[in-house]
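**Student:** Here's a structure for you.
The values are calculated or read from the model by the stated rules, or taken from the named source; none is laboratory data. Predicted, not measured: the structure shown is a model, and the values here were computed from it. Using ideal geometry, Cβ is built from the backbone for each residue, glycine included, and neighbour counts are taken over all protein chains shown.
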Amino acid sequence: MSKVRTLGLIPARAGSKGIPGKNLRLLGGVPLIVRTIEVALEAQLDQVVVSTDGPDIAEVSKRAGARVPFLRPAELATDDAATVDVVRHALMWLRQREATEPETVVLLQPTSPLRTAEHIREALELFSRGHGRTVVSVTPTDHPPHWTYTLSAEGTLLPVVPGNWAARRQDLPPTFRLNGAIYVFPAAKAEGDRLWDERSLAYVMPPEASVDIDTELDWQLAEILLQRDAVRT
């Protein structure tokens, strides 16, 4: 059994209801998935593997320098497929077919195209300091959850965070949300039901690097930020 210290795993299924074919759509002139492959390679992960059910995605990924040693089974390419199952399948395939046993998995979703190789390296450093605890990337929330509500059956406001929060924003505790850009965890974590938990360490990323593309509006925002950065450089 050969050891691989860090496996960069990029999950990219062919189907997408929000933005059809988004993984191959050009963002700033580059296919969306290629942006993640390029930063994963730049971060010098030991292996970069794409898990996909799409032959077209597989071909583009190979040309960009990633490995695509298998096509993901159809049952793991549905809207309901759990990410932990996708990770488990990839690790099992590598173990059984190539006798490869990664120690650490760096999960990189292609829908987060503005993360950089430096972000990946910093997340790995935090993982190393955390003695094997999962690292998840987060970003500050746009609005305090203390000011959010659900609606009752009668249409009245029900606070998500109980209490009287009629306070200035700066008086409230800072809050963060997962941004979906980076997950770093021991490969053994995929044997359980969750890749992260309440003991996981947070790697904080700025909002401008935390766009998670799910809608056309997200796509347009990513294009604007890419153009802004291109002008600055």
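**Student:** Any residue at all in segment 100-111 that is over 28 Å from Glu42 (Cβ atoms) and either among the β-branched types (Val, Ile, Thr) or modelled with pLDDT of 95 or more (or both)?
**Tutor:** The initial filter retains those residues of segment 100-111 that are over 28 Å from Glu42 (Cβ atoms), namely none.
No, segment 100-111 contains no residue that is over 28 Å from Glu42 (Cβ atoms) and either among the β-branched types (Val, Ile, Thr) or modelled with pLDDT of 95 or more (or both).
**Student:** From the list Glu198, Glu191, Glu103, exactly one residue is more than 23 Å from Asn23 (Cα to Cα) and free of Cβ contacts under 8 Å to residues at least 60 places away in the same chain. Which is it?
**Tutor:** After applying the criteria, what remains is Glu198.
**Student:** Across segment 177-214, what is the number of residues that are closer than 27 Å to Leu27 by Cα and surrounded by 12 or more Cβ atoms within 10 Å (Cβ to Cβ)? It would help to see each step written out before you state the result.
**Tutor:** The initial filter retains those residues of segment 177-214 that are closer than 27 Å to Leu27 by Cα, namely 177-184, 203-214.
Next, from what is left, pick out any that are surrounded by 12 or more Cβ atoms within 10 Å (Cβ to Cβ): 177-184, 203-205, 207-214.
Qualifying residue count, segment 177-214: 19.
**Student:** Scan segment 152-189 residue by residue and report those that are closer than 19 Å to Ala82 by Cα and among the polar types (S, T, N, Q). Explain how you work it out, then say what you get.
**Tutor:** Going through segment 152-189, the residues closer than 19 Å to Ala82 by Cα turn out to be 178-189.
Hit for segment 152-189 is Asn179, nothing else.
**Student:** A further question follows. How about segment 105-161: which of its residues are part of a loop (DSSP other than H, G, I, E, B) and within 15 Å of the chain's Cα centre (by Cα)? Step through it out loud before you land on a result.
**Tutor:** Looking only at segment 105-161, we keep the residues that are part of a loop (DSSP other than H, G, I, E, B), and these are 108-116, 130-134, 141-144, 148, 152-156, 160-161.
Correct list: Leu108, Gln109, Pro110, Thr111, Ser112, Pro113, Leu114, Arg115, Thr116, Thr134.
**Student:** Okay, moving on. Is at least one residue of segment 150-163 within 30 Å of Val106 (Cα to Cα), of a type outside the set (Phe, Trp, Tyr) and surrounded by 13 or more Cβ atoms within 10 Å (Cβ to Cβ)?
**Tutor:** Our first condition is that a residue be within 30 Å of Val106 (Cα to Cα); within segment 150-163, this holds for none.
No, every residue in segment 150-163 fails to be within 30 Å of Val106 (Cα to Cα), of a type outside the set (Phe, Trp, Tyr) and surrounded by 13 or more Cβ atoms within 10 Å (Cβ to Cβ).
**Student:** Any residue at all in segment 58-71 that's farther than 22 Å from Pro113 by Cβ, assigned to a helix (DSSP H, G or I), among the hydrophobic types (A, V, I, L, M, F, W, C) and in contact with an Asp or Glu (Cβ under 9 Å, 6 or more places away or on another chain)? Before the answer, list the steps.
**Tutor:** Going residue by residue through segment 58-71, those that are farther than 22 Å from Pro113 by Cβ are 69-71.
Now narrow it down to the ones that are assigned to a helix (DSSP H, G or I): none.
Within segment 58-71, none of the residues are farther than 22 Å from Pro113 by Cβ, assigned to a helix (DSSP H, G or I), among the hydrophobic types (A, V, I, L, M, F, W, C) and in contact with an Asp or Glu (Cβ under 9 Å, 6 or more places away or on another chain).
**Student:** Now a separate question. For Leu217, indicate whether it is outside any helix (DSSP H, G or I) and either within 23 Å of the chain's Cα centre (by Cα) or at pLDDT below 90 (or both). So that I can check it myself, show each step before the final result.
**Tutor:** Numbers: outside any helix (DSSP H, G or I): no; either within 23 Å of the chain's Cα centre (by Cα) or at pLDDT below 90 (or both): yes.
Considered against the rule, which asks whether it is outside any helix (DSSP H, G or I) and either within 23 Å of the chain's Cα centre (by Cα) or at pLDDT below 90 (or both), Leu217 comes out as no.
**Student:** Hey, can you tell me all the residues within segment 145-176 that are touching a residue at least 12 places away in the same chain (Cβ under 8 Å) and β-branched (Val, Ile, Thr)?
**Tutor:** Matches in segment 145-176: Thr148, Val160, Val161, Thr175.
**Student:** Among the residues of segment 111-145, count how many are among the hydrophobic types (A, V, I, L, M, F, W, C), within 25 Å of Gln220 (Cα to Cα) and touching a strand residue (DSSP E or B) at 6+ places or on another chain (Cβ under 9 Å).
**Tutor:** As a first pass, look at segment 111-145 and keep what is among the hydrophobic types (A, V, I, L, M, F, W, C): 114, 117, 120, 123-124, 126-127, 135-136, 138.
Filter again for within 25 Å of Gln220 (Cα to Cα), leaving 114, 117, 120, 138.
Narrowing the set further to residues that are touching a strand residue (DSSP E or B) at 6+ places or on another chain (Cβ under 9 Å) leaves 114, 120, 138.
The total comes to 3.
**Student:** Inspect all residues belonging to segment 9-17 and state whether any of them is touching a helix residue (DSSP H, G or I) at 6+ places or on another chain (Cβ under 9 Å), farther than 30 Å from Gln227 by Cβ and among the hydrophobic types (A, V, I, L, M, F, W, C). Give the derivation first.
**Tutor:** Of the residues in segment 9-17, the ones touching a helix residue (DSSP H, G or I) at 6+ places or on another chain (Cβ under 9 Å) are 9-14, 16.
With the extra rule that they be farther than 30 Å from Gln227 by Cβ, the set shrinks to none.
Checked segment 9-17: no residue is touching a helix residue (DSSP H, G or I) at 6+ places or on another chain (Cβ under 9 Å), farther than 30 Å from Gln227 by Cβ and among the hydrophobic types (A, V, I, L, M, F, W, C).
**Student:** Which residues, taken from segment 190-207, are of a type outside the set (A, V, I, L, M), in contact with a strand residue (DSSP E or B) (Cβ under 8 Å, 6 or more places away or on another chain) and either assigned to a loop (DSSP other than H, G, I, E, B) or under 19 Å from Val87 (Cβ atoms) (or both)? Spell out the reasoning first.
**Tutor:** At the first step, the residues of segment 190-207 found to be of a type outside the set (A, V, I, L, M) are 191-194, 196-200, 203, 206-207.
From what's left, in contact with a strand residue (DSSP E or B) (Cβ under 8 Å, 6 or more places away or on another chain): 196, 200, 203, 206-207.
Across segment 190-207, the qualifying residues are Trp196, Ser200, Tyr203, Pro206.
**Student:** Does any residue of segment 86-97 turn out to be touching a residue at least 24 places away in the same chain (Cβ under 8 Å), out of contact with any His (no Cβ under 8 Å at 6 or more places or on another chain) and at positive phi?
**Tutor:** Taking segment 86-97 and keeping what is touching a residue at least 24 places away in the same chain (Cβ under 8 Å), we get 86-91, 93-95, 97.
Then drop every residue that is not out of contact with any His (no Cβ under 8 Å at 6 or more places or on another chain), which leaves 86-91, 93-95, 97.
Add one more test, that the residue is at positive phi, and what stays is none.
No, segment 86-97 contains no residue that is touching a residue at least 24 places away in the same chain (Cβ under 8 Å), out of contact with any His (no Cβ under 8 Å at 6 or more places or on another chain) and at positive phi.
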